[in-house]
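Data block below; observations after.
Bear in mind these aren't lab numbers, they're just calculated from the coordinates by the rules spelled out. Because the structure is a prediction, the values reported are computed rather than measured. Reconstructed Cβ throughout: ideal geometry from the backbone, glycine too, with neighbour counts over all protein chains shown.
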Amino acid sequence: MSSIEHFPSRPPNFPGNHPVIQTPGSAKYATSTQTGSVPHFHLTASPSRSTAPGTMNFINDIQHFFARNSSKDIEKHIRRCRRDLESFQESQDTPARINSLGNLANAIKARFDLRGDLADLDEVIQLQRAALALLPPLDAGYPMALEARATALTSLGSTLQMRYQQQGDLADLTEVIVLQQEALALCIPGHPTRSDCLNNLGVALKTRFLVSRDLNDLNKSLGLHEEALSLRSGTHPARGNSLHNFAVTLLLRFSLSANLADIDKAISLHREALTLHAPPHPNYGASLNNLANSLRERFEQSADIKDLDEAIKLGNTALALLAKPHPDRGSALNNLALAIQARFERQGNPEDIHEAILLHRHVLVLHARPHPFYNGSVNNLASALQTRFELLGDIQDVSEAIQLQREALASDPGSDASLNNLAAALQRRAVEQGDVKDIDEAIELLQEALLASTGPDRGMVLINQGAVYCVKFRLTEDQSDITKAIQLSREAVAFHPPPHPWSSTSVINLANALQMGYNTRTCLSDLAEAMKLRFSQARDPKDLQESLQLHRAALELRGPLHPGRSTFLNNLATCLAEAFNYSKEGHYLDEACTLFREASIPLTASIFNRFYYAKGWATAAAQYNHASAIEAYHPLDLDLASRLKILSTARSNGLASEAASYAVSIGEYDTAVVFLEAGRSIFWSNALHLRMDLETLDRSQPQLSRKLRELSRQLEKISYRDTSREKLTVPRQRLVSIESEAAYSHTLNTQWEEAIKAVRLVSGFQDFMKPKGIDALKSAAVAGPIVMLGTTEQTCFVLLTVAKTDVLVGLSRSASDSAPNRLHAKIEGSVGPEDALRGVLSELWMKVAKPVFDALGLQKTSNPGRLWWCPIGRLAFLPIHAAGIYGVGKTDCVSQYLVSSYVPTVSALLDRPVATTRDFKVTAIIEPHAPGCLPLPGARDELRKLTARVPQGLLTALVNTTVESARTHLPGSSIVHFACHGTQDIARPLQSGLALSDGRLMISDIMRRPEGNDPERHMALAFLSACETAKGDQDVPDESMHLAGTLLFSGFRGVVATMW
């Protein structure tokens, strides 16, 4: 698959077979400021030293107050220092005044460390400037003048560095470097404070590198830290700081060069620092944080899970120590989030990516503008959201990522990191929605990034541009785009020769551009797919062979345990299938199906990946009649929770029909019925599982039954929360709350799934909540035949479920194509309404209903039996029950043969019958004058007719009623009659509903069961005399996402509704 690299570290993985951008800020960033994605570390500047006897030593002050964690002690000391300073205000004793300024500055700095109040930091800087201004010139002959000035310069520089880390003002950073350079010039070799000056200048230059990307700054910083460490040997009190800062800078170089010697040395240095900073040392938390991040970085290259496990353990410990308002808490949250996200990418546990996003949201609250890590925090959150999109398919995640990246770019115009990150999100949306405007904008952004980038960053921009041009070719089929993609991919491969971690990115990226999927890192793969794409245009076999060779080379770079291996297997399999299509050599197809099978198995891949790879396998095997075709479709018969996740992306549309059609073509009719049943009404089936009958389980396993019932109740309750993220204007803290609620929901769902597994271990409950088998489905037809109507791009078919499963093949394709077109023409008015409707109904009769009736041997009758229609796909929007020829003096129509009913699934007919009750009740909800709607004068006529027919005392009439009143009466009603306006909301189907006096009675209102309501259902019939109550959603036609479906789910056994 195509992907675009994130600077300067590894990108997140995006599954599937389309390009995904990797961007500079989406992986890591440093505690000292930067705009790209560098590890988030704590760098320590050397503290100032006291210049007069009796002045409290700064380091001891900080350790003392942090160890005791006593705000009262600090305040007491600050008051004493202020009194001392006031006593010297009029004094001519300049050294005493300088000492007093320094002591007060140190005390307030200690309070800042405890509370994080930036006003304290500003006062410290003001005091230090005053002290520096009082120092005599070096040539004045005062003893210790040099040491005093060096210390004052170092102290002011360190505090300005601290403020820069909090606020990101480049003027502060520029002044820091000037001050530290001046201090170092004063402390020549052999001077006792030279190591402090070396360390502090090294920190400042490293910080500037993160802004400027000037490698000279990074190299100078490394040299300074190495010299400082050599001067702080043995038991030097500041050795731990030097170990930290040298290790952090080595890790930054590692992120650019991928030299494992750098990361190994950095980890060794961090481990030594941790031994020096054992509790209760105030830097213990920072040491844990830095070591954890280094271990995670090494995991990214070595894939040694032990490194990652240790990183997460250390990160959790660091986070507990760095509580609010500690200035390094954001760093600890960020690094822990990255480690947990890495574990998700390795092991695929959904709870990890939810937790990572929640942590990233907390980081963004702490790192709000103008914090110098704001852009890095935005990039990391956006990257995690894109990763979660690949898991859950929620387009809101991509939309939020784009919004975040636009904010980052606006705060730092021209930043190559922000340019690449925004291009990444736009490219991902283009792949999903096919909008060329997004790709064109991504190309412009990457071109600007190429002009702004130098060194290693330039290579990644080449990778990204190649991937984006590949996507554009896929959308436009412009030959110049694929030519450009190949050119850029070759440059990227040359820029990243093995063993560079991005050596395979361009080929795998362009490979995945043809399909949908995950973001990985492979230069070779970009080029491989580019060659395959060019072969599809020019049909030059040399291109295809080169593509195969490059795909094989890319696969070799991902060992058997690598989490991204499935993507590479799928890419090679796709190319092999193309080779078979060209050459007709059977060994290509055999190998392709073997690799497809291997790609669809690993549990570390997301459910979307496995589904997508199995779909590719099934499509190829069915198209070329390979023996593995039916086996390929079976992985698509997933558990309900997995099918629900896939449904949310609409990626499964039509797949059940394709599987059933293939099964029909080889005579596997029972299998076809099972395939169709598995692909229908997934949303409602999942919802109904939360209201399952546990009566039998109560008798056998009461404790397990109570647990499952409580989890179901909580899941149903939380499902009604607002998850809309038009929240992009919502305060960050509220987004944290929303994310916390979502994480809690996912935890509940995991517990629920585990409880289901526990039930299946109980004797007699092995099939608990599993899809119904063919024998059970056939038994549903005991009261009449069930007709499943299927349609694919190639054919239409009918499955009749009676005493046995039979099949009728040969329905014209036009039965599903032209009929909707005629209805559309009627709506648009280009054809007379009567002509359009007659044509639709006639065509449905001739090509659908009549062949079915002939197969069943049905005749016209005055005592018709019952038949259940179960239409699939577009056929669900056609009035099959009204099909017929309506001529003058001659009518031949469905209602003359039988009574028609529609059923969302065959399984729905297996539900328990309505419970008998003596509390029979009819509720009429009448709204003739809903606000904003046309009057319905016939609504009151309907009420009069009901009143005339329903015995007195059994009818409850709610006229001009409220939403709450209607919702309260629904559960206790046996029959409900609605006479009002109805509205289908396609964009937000759960907000479809019925118009009442004070608003809309929405689907979500009807779904919500009152607390304590008896789940025993006795609601028999709902009559919806309202518009659009069975219209459905064309994007998910098999889901019955309409008011009629809602009422069936809510407990009614039957619903009468309208299709438009």
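Listed values, structure above:
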{"quantity": "Under-5 Å amide H pairs with LEU955, H placed in peptide plane, nonlocal only", "calculated": "VAL922"}
{"quantity": "For the stretch 102-162 and the stretch 165-244, distance of Cα centres in Å", "calculated": "17"}
{"quantity": "The stretch 331-486 - Kirkwood radius from inverse mean 1/r over Cα pairs (Å)", "calculated": "16.1"}
{"quantity": "For the stretch 95-182: rounded, prolate or oblate by the Cα gyration tensor [a/c cutoff 1.5]", "calculated": "oblate"}
{"quantity": "Cβ crowding within 10 Å averaged over residues, with 175-188, 71-84 ranked highest first", "calculated": "175-188, 71-84"}
{"quantity": "Hydrodynamic radius by Kirkwood, which averages 1/r over all alpha carbon pairs of the stretch 296-344, in angstrom", "calculated": "10.9"}
{"quantity": "Rg/Rg_ref, the stretch 189-270, where Rg_ref = 2.2 N^0.38 Å and atoms are Cα", "calculated": "1.05"}
{"quantity": "In Hz, Karplus ³J(HN,Hα) per residue of the stretch 237-248 (6.51, -1.76, 1.60; θ = phi - 60°; x = Gly, Pro)", "calculated": "x, 9, 4, x, 4, 5, 4, 4, 5, 5, 5, 4"}
{"quantity": "Charge sum, other residues only, whose C-beta stays under 14 Å from ALA323's C-beta, Lys/Arg counted +1 and Asp/Glu -1", "calculated": "+1"}
{"quantity": "Radius 11 Å from Cβ of ASN375, net charge of other residues (Lys, Arg +1; Asp, Glu -1)", "calculated": "-1"}
{"quantity": "For the stretch 266-382, the Rg and Dmax computed from alpha carbons only, in angstrom", "calculated": "13.8, 38"}
{"quantity": "Listed residue pairs exceeding 23 Å between alpha carbons, taken from LYS778/LYS921; LYS306/LYS615; LYS72/LYS109; LYS860/LYS890; LYS437/LYS484", "calculated": "LYS778/LYS921; LYS306/LYS615"}
{"quantity": "Computed P(r) (all Cα pairs; the stretch 752-799; 5 Å bins; percent)", "calculated": "5, 16, 15, 14, 12, 13, 12, 10, 3"}
{"quantity": "Long-range HN-HN contacts of GLY865 with modeled amide H, under 5 Å", "calculated": "VAL899"}
{"quantity": "Interchain or long-range residues, amide H under 5 Å from VAL1055's placed H", "calculated": "ALA1022"}
{"quantity": "Under Karplus coefficients 6.51, -1.76 and 1.60, residue-wise ³J(HN,Hα) of the stretch 173-188 in Hz, glycine/proline x", "calculated": "5, 4, 5, 4, 5, 4, 5, 6, 5, 5, 5, 5, 4, 6, 9, 5"}
{"quantity": "Pairs beyond 31 Å (Cα-Cα), from LYS313/LYS757; LYS313/LYS770; LYS76/LYS324", "calculated": "LYS313/LYS770"}
{"quantity": "Ordering of 325-333, 842-850 by packing [mean C-beta count within 10 Å, highest first]", "calculated": "325-333, 842-850"}
{"quantity": "Rule-of-thumb Rg ratio for the stretch 838-923 [Cα; 2.2 N^0.38 Å; N residues]", "calculated": "1.33"}
{"quantity": "Values of log10 I(q)/I(0), in the order q = 0.11, 0.14, 0.22 Å⁻¹, for the stretch 889-985 under a Debye, Cα-only, solvent-free model", "calculated": "-0.51, -0.78, -1.13"}
{"quantity": "Gyration tensor verdict on the stretch 364-448 (Cα atoms; rounded if a/c is under 1.5, prolate if a/b is larger than b/c, oblate otherwise)", "calculated": "oblate"}
